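Worksheet: one structure, shown below.
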Amino acid sequence: MSDATPHAGFGRPGLTAFARLDGLGLAVIGQRLEPGRVALACRVVEADGWCRRCGAEGLARDTVVRRLAHEPLGWRPTTLEVAKRRYQCRECGHVWRQDTSLAAEPRAKLSRRGLRWALEGIVVQHFTVARVAEAFGVAWDTANNAVLADGKRLLINDPTRFDSVAVIGVDEHVWRHTSRGDRYVSVIIDLTPVRDGTGPARLLDMVEGRSKQAFKTWLADRDAPWRARVEVVAMDGFTGFKTAAAEEVPHAVAVMDPFHVVHLAGDALDRCRRRVQLQIHGHRGFKDDPLYKTRRTLQTGTGLLTDKQIDRINAPFAEDAHVEVEATWGIYQRMVAAYRHEDRRQGHELMVKLIDSISSGVPKALTEIVTLGRTLKKRAADVLAYFDRPKAHPTDQPRRSTADSNTSAAAHSASAT
């Protein structure tokens with residue numbers, strides 16, 4: 001090894017950089033460690049000593065402390081104690097405080113870095129608001145209100161977001177996990193970039209509630225030229241969304257997106273498996289029960305199964321007692337195969353045959369398939385409309401099992417184009 005090889009080392013430590021206060025206009029001048037929290041004493045870098053009314057120089061009067069919840073350091077709640085100078089103008093007597101807008105919004109209780117951490121945690125890591133509030137050491141309402149305000153500012157308050165929208169998706173999302181207020185919101189997505197292959201889906205709006213009226217009111221609030229440009233509305237199986245679209249944008253094609261259609265079949269398969277499990281064993285699945293061990297493998301496309309997984313499925317299917325699960329599993333796989341077919345015309349034919357085969361003549365014992373067939377027959381036009389749309393991307397097919405319930409609402413709808 002050459003003697004010239006550089007050696008790694010540690011530079012001079014700096015709390016300002018370590019706490020990621022670069023760009024917030026603050027510098028750390030001290031720290032205090034408490035059992036459940038760390039407080040960083042900060043000063044404002046810019047003096048800001050000139051009057052904002054007349055431009056004259058001001059005299060420093062006193063100092064006030066602004067406390068901001070910051071992104072946690074090592075999961076320990078971190079508070080910035082920002083010392084702000086107060087000045088009084090020599091000429092006009094105006095009093096002002098040092099500007100801390102780089103660090104946080106006016107009257108905000110979270111720093112800008114803290115807000116960024118919270119948004120990334122909720123969107124990427126699927127943190128709950130309660131988990132974010134705990135990490136900040138603040139009340140639930142404080143964290144929730146801050147995240148909602150900043151999310152709305154970043155994602156919704158864009159005056160150009162409604163431009164050139166031709167394909168929209170609507171889906172429901174559970175926002176609250178408590179009994180207080182409406183638990184659901186309707187999420188409206190712009191899918192035009194996905195269809196055109198120019199970019200990802202964009203959030204257009206979030207409306208409280210998941211009723212027909214909520215979506216209908218949102219559509220009605222758009223102007224007539226905008227509604228006239230809408231060509232496709234992708235949605236789940238909720239008939240309220242379909243009715244609202246039919247009334248407000250009657251010329252648009254309603255498409256029931258693949259994720260939710262496959263989800264219906266996957267849910268039927270899971271309910272059948274649980275029912276048969278209970279009939280045979282008299283209890284819910286235990287870890288060593290044959291059907292329970294295959295619960296995730298059953299909802300994997302056959303083309304993705306390994307030899308080991310195939311053996312795991314074939315083992316319970318060898319028993320006559322599991323024939324109903326095998327039949328329902330076959331329907332599920334036929335549906336996945338239709339969506340994955342490279343030729344959409346042939347995929348259309350496969351889906352037509354599937355809907356016809358389970359719409360009538362199904363033994364009453366297969367209650368889950370009977371229910372699925374009734375639903376698909378009622379929404380056949382919306383299901384089949386997917387195959388008439390241009391394929392936006394080679395991977396525009398359902399790839400995940402319906403067990404992946406953490407997929408975002410935007411991803412749910414994006415697969416429809």
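Just so it is clear, none of the values below were taken in a lab; they were calculated from the coordinates. Here the structure is a predicted model, which means the values were calculated and not measured. Because the Cβ atoms are built from the backbone with ideal geometry, glycine has one as well, and the counts that use them run over all protein chains shown.
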Spin-label pair T243/A83, simplified geometry with 7 Å Cα→Cβ offset, distance in nm: 6.5
Most fluctuating residue given options G301, G55, G266, as computed from a GNM of the chain linking Cα atoms under 10 Å: G55
Farthest positive-ward along the chain dipole, Cα basis, beta-carbon charges - from A321, T100, I355: T100
Separation of the E105 and H251 label points, Cα + 7 Å toward Cβ, nm: 3.8
Stretchable slack from D223 to V65, in nm (0.36 nm times residue separation minus alpha-carbon distance): 52.1 nm
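Starting from 0.36 nm per residue, how many nanometres of slack lie between L15 and H94 once their C-alpha separation is accounted for? Show your work: numbers first, answer last.
Working: separation 79, 0.36 × 79 = 28.44 nm, distance 3.46 nm.
Extra length available between L15 and H94 comes to 25.0 nm.
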Antiparallel bridge percentage (DSSP; both residues within the chain; nearest 5): 75
Sum of -39500 (n - 2.57) over DSSP H runs of 4+, divided by residues of the chain (222 nm, nearest 500): -11500 deg cm²/dmol
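Let me have the relative contact order for the chain, percent, based on Cα pairs under 8 Å that are six or more residues apart. It would help to have the intermediate numbers written out before the result.
Values: 665 pairs, mean separation 47.3, N = 417.
Once divided by the residue count of the chain, the mean separation gives 11 percent.
Taking the Cα centre of region 298-392 as origin, work out the dipole magnitude from +1 charges on Lys and Arg Cβ and -1 charges on Asp and Glu Cβ, in debye rounded to 20. Could you put the intermediate results ahead of the total?
Numbers: 14 positive and 13 negative charges, 107 e Å.
Its charge dipole is roughly 520 debye.
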Mean separation of Cα contacts under 8 Å (6+ apart) over length of region 265-378, as relative contact order %: 26
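Computed FRET efficiency, Cβ-Cβ of T306 and W140, R0 51 Å: what is it to the nearest 0.05? Write out the running numbers ahead of the final one.
On the way: r = 44 Å, r/R0 = 0.86.
Given R0 = 51 Å and the Cβ-Cβ separation, E is 0.70.
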For region 136-148, 3J(HN,Hα) per residue [Karplus equation, 6.51 cos²θ - 1.76 cosθ + 1.60, θ = phi - 60°, Hz, x = Gly/Pro]: 7, x, 10, 5, 4, 4, 4, 5, 5, 5, 5, 5, 4
